[in-house]
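The values are calculated or read from the model by the stated rules, or taken from the named source; none is laboratory data. Note that the coordinates shown come from a computational prediction; the quantities given were computed from them, not determined experimentally. We place every Cβ from the backbone using ideal geometry, glycine too, and count neighbours over all the protein chains shown. Surface areas here come from the heavy atoms of the whole protein model, side chains and all, with no ligands, DNA or RNA. Shrake-Rupley method; radii C 1.70, N 1.55, O 1.52, S 1.80 Å.
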Number of protein chains: 4
Amino acid sequence: MEIPVTVRFPTDTSLDPGTAPETVERLGELYSDLDRLDLQPLWTQNKQLLSRAPRPKAVPWMWRRVDMIPLAARCAELITISRGGDRRVLALANPGLDGRPFITSTLWAAIQYLGAHESAPAHRHSPGAIRFVLEGEGTFTTVNGDACDMRAGDLVLTPPWHWHDHKNESDAPMTWFDGLDLPLVNHLDATFFEEYPAEAMQPVRGHNLSEQIYRAPGTVPAVASSGVSVYSPLLVYRFADTEQALRSLARDSGAAMVSLEYVNPLSGASVMPTLGCHASRLAPGQRTVTERQVGSQVFVAFRGSGTTVIDGRSFDWGPGDIFVAPSWAAVDHEASTESYLFRVTDAPVLKALGLSRHTVEGRNQDVLGKFVGHAEAP
Amino acid sequence: MEIPVTVRFPTDTSLDPGTAPETVERLGELYSDLDRLDLQPLWTQNKQLLSRAPRPKAVPWMWRRVDMIPLAARCAELITISRGGDRRVLALANPGLDGRPFITSTLWAAIQYLGAHESAPAHRHSPGAIRFVLEGEGTFTTVNGDACDMRAGDLVLTPPWHWHDHKNESDAPMTWFDGLDLPLVNHLDATFFEEYPAEAMQPVRGHNLSEQIYRAPGTVPAVASSGVSVYSPLLVYRFADTEQALRSLARDSGAAMVSLEYVNPLSGASVMPTLGCHASRLAPGQRTVTERQVGSQVFVAFRGSGTTVIDGRSFDWGPGDIFVAPSWAAVDHEASTESYLFRVTDAPVLKALGLSRHTVEGRNQDVLGKFVGHAEAP
Amino acid sequence: MEIPVTVRFPTDTSLDPGTAPETVERLGELYSDLDRLDLQPLWTQNKQLLSRAPRPKAVPWMWRRVDMIPLAARCAELITISRGGDRRVLALANPGLDGRPFITSTLWAAIQYLGAHESAPAHRHSPGAIRFVLEGEGTFTTVNGDACDMRAGDLVLTPPWHWHDHKNESDAPMTWFDGLDLPLVNHLDATFFEEYPAEAMQPVRGHNLSEQIYRAPGTVPAVASSGVSVYSPLLVYRFADTEQALRSLARDSGAAMVSLEYVNPLSGASVMPTLGCHASRLAPGQRTVTERQVGSQVFVAFRGSGTTVIDGRSFDWGPGDIFVAPSWAAVDHEASTESYLFRVTDAPVLKALGLSRHTVEGRNQDVLGKFVGHAEAP
Amino acid sequence: MEIPVTVRFPTDTSLDPGTAPETVERLGELYSDLDRLDLQPLWTQNKQLLSRAPRPKAVPWMWRRVDMIPLAARCAELITISRGGDRRVLALANPGLDGRPFITSTLWAAIQYLGAHESAPAHRHSPGAIRFVLEGEGTFTTVNGDACDMRAGDLVLTPPWHWHDHKNESDAPMTWFDGLDLPLVNHLDATFFEEYPAEAMQPVRGHNLSEQIYRAPGTVPAVASSGVSVYSPLLVYRFADTEQALRSLARDSGAAMVSLEYVNPLSGASVMPTLGCHASRLAPGQRTVTERQVGSQVFVAFRGSGTTVIDGRSFDWGPGDIFVAPSWAAVDHEASTESYLFRVTDAPVLKALGLSRHTVEGRNQDVLGKFVGHAEAP
């Protein structure tokens, strides 16, 4: 008896050696029919689909400033910014993700480089972006007409569907970090994109308008309370303020690491529903606890130096280095000098969807952590 | 036939002149029986209970700095602060409220005066309080161990059930405005009070701790996101910041008045669930629109001078003057010089309970305004 | 030396016997000046204003069916329902409230009586109302055109600013319990009232429309998700359903009392922001724990009989009896037969304003209970 | 001059024909260096990454009952349910998704088949599941001890991390539809899975416990209000109720289609944060408007027959047929007889993340639709 070669047995189907030939034949026909009718058996693949704990394809990885900046400068020499490819951006491509230009399955991370007196034209898109300035000044990002000046350590938001362009008015090149939810928004089939009509750059209404309005901590324009946007109306957060606040927190706590979250001042929520941004200060010589959490974390070393261990792999970092912790990786840090890390995550996504889990190694007995709102077994 | 004098007819019962005597008698017996059994007929009083629009007992009124400060100083000479009556506070008693020491049915407003090197001992209570500093410096309010320095124009919060005391370390007396939700909390039968155990003053952990932690606009401690308090953890808001933010708003808007709300940075909600605090800047020579809103408003003139018309009654104000607009009063303002008003209201209460209404005179045709979430007639 | 008789010393001012005459004179002048300028000293009255725990004026009290129904019938004979006093309502006036027709400082409770073939014309008001049917059938309440049939044990809502009228189409009189937030809304100076234009009764679009749409537990019209009202769109809750659900709860729990809350199916919130409605089933012969909570509770005994102890005062109740527990009163129940209690409270108000406290006697050591979101002493 | 073959030019790099050879060489070196350092240029691929509108890989497709049920029966003959592959499930594999067993990038859809007297052992996982019963009865799904009886048209929930097993106690096989968020949860690297300890089936506490507790529309257990789960505590929704509610809606509206959403009765939110479930009734002979929305929709035809057009492709359906509309596809329906459709979507995800867009063809001029909370161009 022969089974036709066109029959596609699922690759992990293991037939009992003593299976009767007619059963093998009937199985072959069954799998063929299923395949023809766009049906797939779960029983041949459920181990892959339902893992005991997350098995991200993304791997722990680091990109060094010393590699990235010279490459970006070489790009600037050879590649102009034009309408067809309107940003000079180098995406950090996680080696685990099969050549896709994403740092994890949900996050985009990149270096953006603007030469002296260069500009990048306006567009808008449904993926949201944050910019964290690595070095330089003299550049601004205009967001719906509000030109946000960018200096080292500042965080600038370009929320979903806001027009934005970048302009370097200085004599020196400028580099910053881009963080986007693009891989997630693409996966959700929710990507929209539009170029700015007519002109390349949008008109500027003024500089740092949102910053001036929200400059008083804990105050918001009275009119804003009627309709709270899911995106922060405050578009720029200054490092000088963040640093002082972190120092105050550190003085009170004495912990190895203290952290601030950047929030929407109208609601206290994350700056966008898809992206969470944090700044941390690490005290030298103290190792943090080892933690796992569901969701992706991209770290940007801004000041200082130290070592981060991610799933047993050690990364020594200094200013401008960027590294990534995939979901559920065990992470701890130890700084050798007073250090400041910026971090962008998809934590708001996991939280909104009820999928957050968190565990501290050695403290929780159960490596699976706990769900928020988790229902225990009967 | 005689009706016994002990029969209590409801005062507004109007009997038809032709009513038969036996009916009058039976009515008399009925009203007596109702009264004896603690029942009251609605039909004799529903006009009072259900008015076409609010008819607050509180009246528009103003208290002048020139009257209040000298009186407070005279009190300081004659009345010491002691455990039995542990604050030197003069309550602004609305003349419409039958001698009760309240400025409206929901709000308490007062002047508090602390002589050079005096202090007021710690206690806590379920009513929440805000302090707006009228003049002076060198005093601090300690709230759960955080000593908040007070300077003219600053807002200091003492949220419900937080230990608080006041200390003047300077050589000059200090005066500030107190706003509380005490009349409302009393009416709700929800008042709790406790004196600080053992010592008169609580220990100070540090000065301006919350201010230092929340100093970076739009940032919050990362740990705070897990449990958001209904009270703002930021305890002091500086006038210098507020003023700059108001000027930025004014430059963008060109309106007669621009306003900021002081909020809980963890949630964007009002500083307490019962009290809303606003700061406004009035441009000179421009009259605001005339508005009515449900709820009480207490205004503190901080800088500048102008005129506010409340239900047709005109009040000329200058620095330190305090005036009140009862619920649903028509209010407009016109400043003669650049002016700053502080305002405390019960608006968060009305909003939380679905009772907010607002109308702009001459713009809305219906003087009754609109409810939020209002269901129209079929 | 004589002090003029016009000087008003605060009633509780106790002068030290050795006070110098000139000080007494200056004090007298001070208090006179304060009074003239509408200022009141806190130090003479803060014990009254800030009590260690709530001291409601309302007292525990009960109104018996056997008293109320015959009186209501007598009213029906003598008092017609007319436009000027358009409801035949007997308010339960708490003896502690100085003759006001309120059952507590926040709640209105009443018996409403409609004779055979009588009707009460349409109006609407910002206070919200609930109706709990004590006995009878054949009457309906029309709410914005939806005629809600009323049977014993049913809860019918007439949310704020919804047109409503009542019509008895049967040959027998009908009695129900009214619960309103009127005392609170009046205190907040937020009362609006309007009579239905032109006709006495509004047109009926259909009977039990909301009930039919929300009849499937856990489902809502898909269009409703866009704009959730703060008032429940489900206007009637049937006792037959409630009873079955309570029995299911009781079977699972074995507790002395199990309770359901009636909620807005669009949000799970209380039926209105100002009123919470509960139904409880008491198992016979079991005494509940003794609890205190901030806020007012009005109980309507629907079926069965038992005893409730409120601040040490014992009330024996049977069907149709109504009793009240003031804020912070200690309450426990013991049913002698399987019993059903309906309860209306202001708990949503206290919760929204952060003023909820709750304590179980003998279990919490601190009689003051705990605030939700309470900040502990340093 | 030659470019070494090892240089990887990005596939869509188009070099200007007149590019100088040394520039080509330097570009080749640049792209090699970028590739080696895990960096990728955006300018070569941004058209793919940022599309003008969503371009889902999933295609409109339909699976017919007449194909699926016999195949499932053949599987039952040949494949036993065992611990290693513990469900007899046929996944509906969208032909656009490169052989993955998913119906869209976010949703899993499948037919589950349980033979007479068969059972499927207990497990739990972080992906959430809903079951919609196509035909049969006599089977129950036990969820954390609550055995939910399943009849045709019923919806049964097995929320994330709840133990669940299935048991057919009847003499006939049973088929139902499975909808899961598995593709999304996998993409988010948030998948956890656990087999039930020790025994194959969990103990049953009772049948339809949640149904009995939540059977009264608009009521919830009073204890539940303190901690609201993000998952519905009501685990089963009966078709008989749903059908009546839809008929009531239809009678009031007269529209071609009316819809109910199944919700969490504690919050009015979708049954899970990741899955929305709807039931619709279509009136015969009326065509709905054509709509696009961001997000995936899987339709299960339960009763009746009709035609649905998805992006211009027409699908004729009858009872038991299942079809899918990818994100942003234009969809309209026309029933030939009174019809009932069940629908599962990822709409709650898009809404939570601020990515919802919706447009009605021919009504909105802009094919891009509108974002919720969308910021317009300056």
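Here is how the numbers come out for the structure above:
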read-out: Total residues in region B:281-298, condition away from chain C (no Cβ under 14 Å) and either outside any strand (DSSP E or B) or basic (Lys, Arg) (or both); value: 8
read-out: C:TYR231 vs. criteria within 14 Å of chain B (Cβ to nearest Cβ) and open to solvent by 10 Å² or more (accessible area, probe 1.4 Å); value: no
read-out: Selection within region D:237-257 - open to solvent by 10 Å² or more (accessible area, probe 1.4 Å) and at the interface with chain C (Cβ under 8 Å from one of its Cβ atoms); value: D:ARG238, D:ASP241, D:GLN244, D:LEU249, D:ASP252
read-out: Test: A:THR308 is open to solvent by less than 20 Å² (accessible area, probe 1.4 Å), of a type outside the set (Phe, Trp, Tyr) and part of a strand (DSSP E or B); value: yes
read-out: Scope region B:122-178; condition among the basic types (Lys, Arg) and either closer than 19 Å to B:CYS75 by Cβ or open to solvent by less than 10 Å² (accessible area, probe 1.4 Å) (or both); matching residues; value: B:ARG131, B:LYS167
read-out: Yes/no for A:TYR113 being touching a helix residue (DSSP H, G or I) at 6+ places or on another chain (Cβ under 7 Å) and open to solvent by 10 Å² or more (accessible area, probe 1.4 Å); value: yes
read-out: Subset tally (residues that are modelled with pLDDT under 95 and farther than 30 Å from A:ALA190 by Cα) for region A:251-288; value: 5
read-out: In region C:179-189, residue farthest from C:CYS75 (Cα to Cα) [restricted to those that are at the interface with another protein chain (Cβ under 9 Å from one of its Cβ atoms) and open to solvent by 10 Å² or more (accessible area, probe 1.4 Å)]; value: C:ASP189
read-out: Pick from region D:262-277, criterion touching a helix residue (DSSP H, G or I) at 6+ places or on another chain (Cβ under 6 Å) and more than 8 Å from every other protein chain (Cβ to nearest Cβ), ranking: nearest to C:GLU261 (Cα to Cα); value: D:SER270
read-out: Number of the exception - A:ARG55 against (1) part of a loop (DSSP other than H, G, I, E, B); (2) within 9 Å of chain D (Cβ to nearest Cβ); (3) at pLDDT below 80; value: (3)
read-out: Evaluation of C:ASN94 against (1) modelled with pLDDT of 95 or more; (2) over 30 Å from C:ARG313 (Cα atoms); (3) buried (at least 19 other Cβ atoms within 10 Å of the Cβ) (one fails), failing number; value: (2)
read-out: Residue that is farthest from D:PHE177 (Cα to Cα) [pool: residues in region D:58-75 that are touching a Gly at 6+ places or on another chain (Cβ under 9 Å) and facing chain A (nearest Cβ under 9 Å)]; value: D:ALA58
read-out: Cross-chain or 6+ apart pairs with Cβ under 9 Å, region B:53-79 first and within 17 Å of B:PRO101 (Cβ to Cβ) and free of Cβ contacts under 8 Å to residues at least 12 places away in the same chain, then in a strand (DSSP E or B) and of a type in the set (A, V, I, L, M, F, W, C); value: B:ASP67/C:LEU39
read-out: Single unsatisfied condition, C:PRO4 versus (1) surrounded by fewer than 13 Cβ atoms within 10 Å (Cβ to Cβ); (2) modelled with pLDDT of 85 or more; value: (2)
read-out: Residue that is farthest from the chain's Cα centre (by Cα), among those in region A:190-207 that are of a type outside the set (A, V, I, L, M), modelled with pLDDT of 95 or more and open to solvent by less than 20 Å² (accessible area, probe 1.4 Å); value: A:GLY206
